[in-house]
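What follows is a single structure, written as structure tokens, with notes after it.
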Amino acid sequence: MIKITRRTTEKSQKAIDSLQKARERHQSYNTPEVNAALREMFYGKCYLCENKQITLYQIEHLIPHRGNAELKYDWNNLFLACGHCNNTKLDKYEPIIDCTQENVEEKIAFQKKGYFGSDEELAFDMLDFEAATQNTVKLLQEVYYGSTPQKKMEATILRRLLRKELAEFKEYVREYQEAEKEEKEDFRCLIKQCLQDSSPFAAFKRWLIRDHKETYPELYAYIST
Ligand SMILES: [Zn+2]
């Protein structure tokens, strides 16, 4: 989970217009314009788990609307989520961090500890003790580990994707460290891409660099600005 800027773009304007019309006509907020704008804004990633290989996209209300039209059709309350996360959050976690307002990485440290089997563990360390941070950590725990038999299976797949992405990223850093001049530049470009907002599981990759900023100050520079 990372901070995402809710920019005003052509697509977001169209989404806001379509929401207003849908509200007036008592139609669904799930319009093609809303979907297009959310996809652009969240880079096709689920805002909670940061997975990009999604087969079931859903529109999530940050504050559960419970029938309240104001919340239901409010563009600022709509987020792009995968089915797994949307069905995990439901209306059980409130409030959680609004990632379009706050820098999530200043509130939670995303870490993968250990390397093999049972020794591997994802950790979401709280950096403040606000209710929203506490709820978000509980939600992320449930997202990445599951609570029902089906959700546990989905969470296993999610962790596998995360593990592969992180392994690849670590390999780039290792190669970068060992590479000669020109090659070094190639790996630096790859690493920079992996640290961008659009990259899957960016919070984990950035925290890996943050935790090694003394070793890689030049890579840390990509995320500290
Ligand atoms: Zn998700």
Considering residues that are without any contact (Cβ under 8 Å) to a residue 24 or more places away in the chain and among the hydroxyl-bearing types (S, T, Y), the number found within the range 6-50 is 4
Inspect all residues belonging to the range 144-157 and state whether any of them is touching an Asp or Glu at 6+ places or on another chain (Cβ under 8 Å) and not small (G, A, S).
yes
Selected residue (criterion: nearest to the ligand (Cβ to nearest atom)) from residues of the range 66-98 that are over 25 Å from E10 (Cβ atoms), in contact (Cβ under 8 Å) with a residue 12 or more places away in the chain and of a type in the set (G, A, S)
G83
Would you confirm, using the coordinates I've provided, whether G114 is more than 17 Å from K3 (Cα to Cα), surrounded by fewer than 21 Cβ atoms within 10 Å (Cβ to Cβ) and away from the ligand (no atom under 16 Å from the Cβ)?
yes
When you go through E10, E40, E70, E33 one by one, which is the residue that is under 26 Å from K92 (Cα atoms) and charged (D, E, K, R)?
E70
Pick out, from the range 69-156, the strands (runs of 3 or more DSSP E) lying fully within it that include 2 or more residues that are basic (K, R).
108-113
Matching residues, the range 61-83, being over 21 Å from the mean Cα position of the chain (by Cα) and among the polar types (S, T, N, Q):
N68
Is it the case, given these coordinates, that E142 is in contact with a Ser or Thr (Cβ under 7 Å, 6 or more places away or on another chain) and of a type outside the set (A, V, I, L, M)?
yes
Where H212 falls short, out of the listed (1) part of a helix (DSSP H, G or I); (2) more than 16 Å from the ligand (Cβ to nearest atom); (3) under 22 Å from the mean Cα position of the chain (by Cα)
(1)
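Read-outs throughout are calculated quantities, based only on the coordinates presented, and are distinct from any laboratory measurement. Computed from a predicted structure; not experimentally measured. No Cβ is skipped: glycine too gets one built from the backbone with ideal geometry, and neighbour counts run over all protein chains shown.
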